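See structure below.
The values are calculated or read from the model by the stated rules, or taken from the named source; none is laboratory data. None of these values were measured; they are calculated from a predicted model. All Cβ positions, even for glycine, are placed from backbone atoms using ideal geometry, and neighbour counts span all protein chains on display. The accessibility values were calculated without ligands, DNA or RNA, using every heavy atom of the protein model including side chains. Shrake-Rupley method; radii C 1.70, N 1.55, O 1.52, S 1.80 Å.
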Amino acid sequence: MATAVMTSLDTKSRAASRGMSDIRIRNLFIIPTILFLIVFNIFPLIYSLGYSFTDFRASSNAPANFVGLQNYRELLNDPFIWSNFAITAKYVIVSVTGQVIVGFGTAMLLNRDIPLKGLLTTLLLLPMMLSMAVVGLFWKLLYDPSFGIINYALGLGSFEWLSNPDMALYAVAITDIWMWSPFVMLLSLAGLSAVPKHLYEAAAIDRAGPFYTFFRITLPLVAPILMIAIIFRTMEAFKTFDLAYILTSQPTTEVISIRLYKMAFQEWQTGRSCALAYIVLIMVLAITNIYVKYLNKVKER
């Protein structure tokens with residue numbers, strides 16, 4: 001019955017009256033999407049790969065000269081690039097760890113019968129629905145040493161969050177945590193709601209403590225979904241640009257995406273910036289692959 005529904009049209013439908021087959025209707029939806037991906041994703045990806053082996057500059061009319069792997073060698077031997085990668089790694093660790101702790105903790109608090117649970121969940125999801133630019137400008141006002149509410153609330157006087165080289169990166173990470181913790185919370189809440197209630201009832205009968213219940217029941221069953229959230233947030237944090245660029249211009253907050261932007265659109269080293277983009281892409285894919293392998297191990301337990 002299901003096969004018949006999938007392979008034939010309703011004889012009274014408008015599509016059937018026009019003589020359109022299921023395959024033709026399917027192609028009408030799929031082909032434009034494939035063309036869109038090829039034009040705006042795959043073609044630029046291949047085109048930039050070719051430029052990464054040249055000394056091409058977009059600001060110059062000079063023809064691009066093939067230099068082989070020179071761009072890659074220079075980038076991998078550049079200590080400043082590795083410094084940018086170190087800053088990015090520090091940012092990813094602080095940001096993603098904070099998002100997991102805050103998001104999962106909030107999900108644990110919401111995973112019970114409380115008044116106005118739906119309204120609270122909706123309000124908590126608002127930060128992730130805002131534009132990066134809006135969030136960056138909003139938090140820049142909050143961090144302001146003269147009239148920012150954060151210093152007033154914490155009693156820090158005129159503490160410089162964004163001008164302090166030691167604190168600027170943490171300030172950007174805090175903003176990212178505020179914005180994307182709801183994403184982790186949403187996935188965690190879905191995982192927590194899927195945990196069978198009879199497991200908790202059996203644990204209560206056996207007089208298991210809250211720590212035992214959490215580490216032996218809750219966390220193992222939610223771990224696969226939590227790992228998916230970590231994978232997505234790690235990839236996005238590694239590529240972060242908007243918040244760091246809008247909030248501060250400190251050298252200690254120059255993540256690899258900002259360095260890539262400056263190399264491509266301020267220094268106009270187009271070929272070299274394409275090579276750096278591919279190095280970043282390879283690193284993101286490698287990190288994601290590690291996460292996926294660990295996720296598969298978690299699912300097998």
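Restricting the calculation to Cα atoms, every distinct pair contributes to the Kirkwood radius of the range 147-234, found to be 16.2 Å.
Sparsely packed loop sites in the range 130-164 (the chymotrypsin sites (Phe, Trp or Tyr not before Pro) outside DSSP H, G, I, E and B with at most 15 other Cβ atoms within 10 Å) comprise Phe147, Phe159. Sorted largest first, the spans of the alpha carbon positions of the chain along the three principal axes are 73, 73, 39 Å. Two tests apply to each whole DSSP H helix in the chain, Cα reach of 24 Å or more along its axis and mean Kyte-Doolittle hydropathy of at least 1.6, and the ones passing both are 219-238. Past 26 Å, Cα to Cα, is the threshold; run Lys90/Lys293; Lys90/Lys299; Lys117/Lys140; Lys117/Lys297 against it and keep the listed order. Check vs 26 Å cut-off fails for Lys90/Lys299; Lys117/Lys140; Lys117/Lys297. Stretched out straight at 0.36 nm per residue, the stretch from Asn61 to Phe40 would grow longer than its current Cα-Cα span by 5.1 nm. Across the accessible surface of the range 78-300, with the other protein chains kept in place and a 1.4 Å probe, carbon and sulfur atoms take up 70 percent. Accessible surface of the range 22-69, 1.4 Å probe: 73 percent of it comes from carbon and sulfur atoms. Mean residue ellipticity at 222 nm, helices only, the chain: -21500 deg cm²/dmol; runs of at least 4 DSSP H residues each add -39,500 (n - 2.57), and the sum is divided by the number of residues.
Restricting the trypsin sites (Lys or Arg not before Pro) of the range 81-171 to loop positions (DSSP other than H, G, I, E, B) with no more than 11 neighbouring Cβ atoms within 10 Å leaves Arg112.
Excluding ligands, DNA and RNA, the accessible surface per residue across the chain is 61 Å² with a 1.4 Å probe. A DSSP coil position with no more than 16 other Cβ atoms inside 10 Å describes the following GluC sites (Glu not before Pro) in the range 200-284: Glu267.
The peptide list 93-101, 64-72, put in order of mean Cβ contacts within 10 Å with the highest first, becomes 93-101, 64-72.
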